[in-house]
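Read through the structure below, which is laid out as structure tokens, and then see the notes.
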Amino acid sequence: MGESHVVSALVKRRAELAGEIEAVAGRLKALRASLEHLDATLLMFEPDAEPTAIAPKAWRPKVDWAGRGEMVRKTLAVLRASGEPLTAREIALRIMHADAADTDSLPAVKAMTKRTNEALRRQRERGLVAGEPGPGMAVLWHLAARC
């Protein structure tokens, strides 16, 4: 037989997941009802409209967004730990890996690289990082001497 503490932990985790699924299912039901009401209201004002033809807008939860100063801290931490110059993409991938983010998603990697570049440019203006030409059009970033 299995260890009792392992079994009780697994039972507890299963109960938590089942509860979360029920909560999400309830939220989904409420969102679908709201969408139906919105479609009906739209049709009242524009009878020829086709609400199902309206493409859904991509939504990112706020949890994915960095808090104030967080990108700078993470970027500088990666450069400190690296000890060698890195491209913004390499820095972004290391940040995503540390945050257990999906590094296989090209749009996510591009967005993180853009945010990393913005943080690096701001810190270059403050004299904390410096960039030098790298392979192709890439810039190799490193900590400035005073950092």
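The values are calculated or read from the model by the stated rules, or taken from the named source; none is laboratory data. As the structure is a computational prediction, the values presented were derived from the model and not from experiment. Positions of Cβ are backbone-derived with ideal geometry, glycine not excepted, and every protein chain shown enters the neighbour counts. Ligands, DNA and RNA are excluded from the accessible area calculation, which covers all protein heavy atoms including side chains. Shrake-Rupley method; radii C 1.70, N 1.55, O 1.52, S 1.80 Å.
Points worth noting:
- GluC sites (Glu not before Pro) lying in DSSP loop within segment 1-110, provided at most 12 other Cβ fall within 10 Å: Glu3
- Between helix 70-82 and the chain: long-axis angle, C-alpha atoms, 0 to 90°, nearest 10: 50
- Candidate cross-link partners of Lys29 among the lysines, defined by an alpha-carbon separation under 16 Å and a same-chain spacing of 8 or more, are absent.
- From its DSSP helices (H runs of at least four residues, each -39,500 (n - 2.57)), the chain gives a residue-normalised ellipticity at 222 nm of -20500 deg cm²/dmol.
- Expressed as a whole percent, the accessible area of segment 6-147 that falls on carbon and sulfur atoms is 60 (1.4 Å probe).
- Eigen-decomposition of the gyration tensor built on the alpha-carbon atoms of the chain gives equivalent ellipsoid semi-axes of 41, 29, 13 angstrom, largest listed first.
- Length gained on full extension, Arg68 to Arg14: 15.9 nm, using 0.36 nm per residue less the C-alpha separation.
- For the chain, the relative contact order works out to 18 percent when only alpha carbon pairs closer than 8 Å and six or more residues apart are counted.
- Whichever aspartates and glutamates have a C-alpha closer than 15 Å to that of Lys12, once near sequence neighbours (fewer than 8 apart) are set aside: Glu3, Glu20
- Centre-to-centre separation between the Cα atoms of segment 68-117 and those of segment 43-57: 40 Å.
- The longest part of the chain holding none of the exposed loop trypsin sites (Lys or Arg not before Pro), meaning those outside H, G, I, E and B in DSSP with at most 16 other Cβ atoms within 10 Å, is 69-125.
- At a probe radius of 1.4 angstrom, the accessible area of segment 37-147 per residue rounds to 73 square angstrom.
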